[in-house]
Structures are given as C-alpha cells and as structure tokens.
1. Only one of 134, 126, 104 is closer than 22 Å to residue 200 by Cα, of a type in the set (A, V, I, L, M) and modelled with pLDDT of 90 or more; which?
2. Before we move on, is residue 29 more than 15 Å from the chain's Cα centre (by Cα), at positive phi and surrounded by 22 or more Cβ atoms within 10 Å (Cβ to Cβ)?
3. Residue by residue through the stretch 67-88, note down the ones that are part of a helix (DSSP H, G or I) and under 17 Å from residue 196 (Cβ atoms).
4. Which one of 308, 302 is open to solvent by 80 Å² or more (accessible area, probe 1.4 Å) and closer than 23 Å to residue 120 by Cβ?
5. Among the residues of the stretch 281-304, count how many are closer than 27 Å to residue 138 by Cβ and modelled with pLDDT of 85 or more.
6. Just to be sure I understand the filter: pairs with C-beta atoms under 7 Å, separated by 6 or more residues or on different chains, first member in the stretch 251-268 and free of Cβ contacts under 8 Å to residues at least 12 places away in the same chain, second member open to solvent by 20 Å² or more (accessible area, probe 1.4 Å) and part of a helix (DSSP H, G or I). Which pairs pass?
7. Looking at (1) part of a helix (DSSP H, G or I); (2) touching a residue at least 24 places away in the same chain (Cβ under 8 Å); (3) not polar (S, T, N, Q), which is the only condition residue 164 fails?
8. Could you please let me know if residue 120 is buried (at least 17 other Cβ atoms within 10 Å of the Cβ) and on the phi > 0 side of the Ramachandran plot?
Amino acid sequence: MKGGNKLWSTIVDYFLILGAIIGVGFASGKEICVFFFDFGGASLIGLVSFALLYIYLFFVIQYVSHKLELNSYNEFNTAMFGKLCKLSNIVMLINFAITSAGMLAGADYLFDTFFGVGYKIPSIILSILTFVLLIGGIGKIKMVANVIIPVMITVIVVNSIKNITPQNVNMTITTRNGFMAVYYGLLFGVNNFVAALPVLFETKLKSKGKLAVILSICFIILLNILVFASQSFSTDMPMFELSQNVSPWFYYIYFATLILALFSTLMICSFNMQRILIRDKKSKFTSIIVVLFNLIISNFGYGFIVQYLYVISGIISGVYVIALVILMIIKLIQYKYNKKLLKNIKFNKKIRIKIYKIVKNLKISHKKEK
C-alpha cells in the first residue's frame, strides 16, 4: 500500500512540474518554432543544450537544498541571495505577474477570435477558478494538474505524430546555425525554468523523476521539430493550425488543449506569487490580491504583453538564473570549505583545547556579569 501511495505521489509531482514548464506558447508550437525550428538540423544541438541546462539546474538545486537543509523556495531564496532576497522576491513577482497576465489576455484573444465571446469574460472565469485553487492550496493544484496535464500531453503528442511526414523532413546543419541553436536552446530553458523553481520545492521527486520530466519535454520538442521540418504553416500558432490535418473535430480538441495550457501556467504562476508573498500559509486576501493584480495587467492586451512585457520577463529570467548559478557555486565552495574546517577542528587536538578555553572563559565572564 505504501509503495502504491509513493508511486502515485511521484506521478502527481511529475505532472505538476511538467505543467509549470508546458504553457500555451509550448502547446501552440510558437515557442518551439522560435527557439528551435529556425536552425534546421542544428535544432538537435539546441535541444541537447536545453536538456543539459535543466539537468544541471535540477540536480544542483537538489544537492544544494539537501546539504544546506533548505525545505522551501523562500528558504532557498534567502540562503542564496541573503540580504537581497526581498529584491529577488520583487523581481520574481513581476516575472510571474507578467506571465499570468499574458495567459489571461491570451484566453480573451483566443475566445474573441474564434467564438466572438464578450470582452474579459474568459479571463474573469479563469481568474475565479484560479482563486478557488489558491485558497485550496497546493493539494488542489496538484489534483487539477494531474487531470489536465496528461490530457494536454496526449493531445500534443498525437497531433505531432500525425503531422510528421518523414519523406519531407529537411534538417541541414551549418556552423552558424549550431552556435545560435545552443544560445536559443539555453534561452528557452532559462525562460521556462523560473516558473518551475518554486513548485520544485513543493514536490518530492527524486533524481529519476526529475530526469523523466526533462526527457518528456525533450521528446515533445523533438516531435515538434520534425513536424516543422516537414510541414508548412502560416500562423503564430503552428501546431493549432496543423491540428486540422488530423481531423476537423481534432481542431476543436486542440483549442481546448490550448485553454488547458493557459490555465495550467496561470494557476502555477499565481501559486508562485502567493507563496512568495505569504510563504507557506494560505490566505484568501492574498489570493484575491494576486488574482486581481494579474487581471488588471491583462488589460494591456495580448499583443502588448507578448511584444513588450514578455521581453522584460525574459531578461529578468535570464539575469535571475545566471545569478542563481553563480551563487549556488559560491555556496557549494563555502559549504565544502566549512566542512573541511570542521573536520580539521575535530581531529586537531590543539585547536580543540583552544576552543574549550575560549568557551570556558566566556562562561566565567557571563557568571561575573550576573
């Protein structure tokens, strides 16, 4: 029974992290097209660089958190950034707010384009659902993610496989493409990693589970690359456009998948904002503030948010991850130095005697003061 519960917990955590990384940009094919497809066969090099970055980040964070006994994102953030942790929190709040607002504005744009639904109605409905999940806590969010993420992945994979025509695949590799592919692969990883970081501390995934997340994402990206290398498309949502090739009704299924992708990103980014603001507690007031703030920013419109605010978000993510990598290396060096110092103290009799005398003198002086 315990083994079954442990397996189920692992599966739930697996889908939660996938949900943090796979958003509407990923599901629509837009991100894959921008960050990978333009480089032909070198896209595979970019894919490898992305995978290596995630392996490094996931496993180093796991190692640092274990060694320094950090059990939550706020503890991790404080340990890494020290006195600058509040500034780091503000920066991350801005980043998550931009992403959340983009999801709400994207929902309005999609429903208005395809169904002519009244202005702001979709985003208001999604905001209400997000509020309900926020006051329910991480348990509710995991439960919802465990339902919608498998559906999303299944639809995306089926759509990709159905649209691959091997005889038309063209994957030419050049030196220039190889360099740029590595750069864009890393950039894609950085942009998507930030959203996954806080929820990473809400899971108990071991090394194999984290590796499964990375391999799953790489598999979907690879399928999309092969699709784009063999098909022509004209819109900003290529996988959505190509879903019509599967069947007329599958087109509407894929529309629903995009809405699920919007919602999964929205609920996880909103949860990240809530956790930063109130740490490990649940608060209806804070949840309302988070939801209303995202809704207000979404009034800028989908086009403005994607064209301008997403650029700011990308820069923020890049600077944050670079700073985080440097700080983790420094903390690891400090940890190993302190460990070595303690080991020397333990086995050095002269040092132990000196420490004993210092402690004894402090106790004596403390008694005299009393």
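The values are calculated or read from the model by the stated rules, or taken from the named source; none is laboratory data. Worth saying up front: this structure is predicted, and the values here are computed from it rather than measured. FYI the Cβ positions are ideal-geometry reconstructions off the backbone, even for glycines, and counts take in every protein chain you see. Please note that ligands, DNA and RNA were not included when accessible areas were found on the heavy atoms of the full protein model with its side chains. Shrake-Rupley method; radii C 1.70, N 1.55, O 1.52, S 1.80 Å.
1. Numbers: 126 fails: closer than 22 Å to residue 200 by Cα; 104 fails: closer than 22 Å to residue 200 by Cα.
After applying the criteria, what remains is 134.
2. On the way: more than 15 Å from the chain's Cα centre (by Cα): yes; at positive phi: yes; surrounded by 22 or more Cβ atoms within 10 Å (Cβ to Cβ): yes.
Answer is yes for this residue.
3. Step one: of the stretch 67-88, the residues part of a helix (DSSP H, G or I) are 67, 73-88.
Answer for the stretch 67-88, where residues must be part of a helix (DSSP H, G or I) and under 17 Å from residue 196 (Cβ atoms): 73, 74, 76, 77, 80, 88.
4. Working: 302 fails: open to solvent by 80 Å² or more (accessible area, probe 1.4 Å).
Every option except 308 fails the conditions.
5. Taking the stretch 281-304 as the starting set, the residues that turn out to be closer than 27 Å to residue 138 by Cβ are 281-298.
Narrowing the set further to residues that are modelled with pLDDT of 85 or more leaves 285-298.
Final tally of qualifying residues: 14.
6. Every condition considered, the pairs that remain are 251/244.
7. Only one criterion in (1) part of a helix (DSSP H, G or I); (2) touching a residue at least 24 places away in the same chain (Cβ under 8 Å); (3) not polar (S, T, N, Q) is unmet by residue 164, namely (1).
8. Numbers: buried (at least 17 other Cβ atoms within 10 Å of the Cβ): yes; on the phi > 0 side of the Ramachandran plot: yes.
Answer is yes for this residue.
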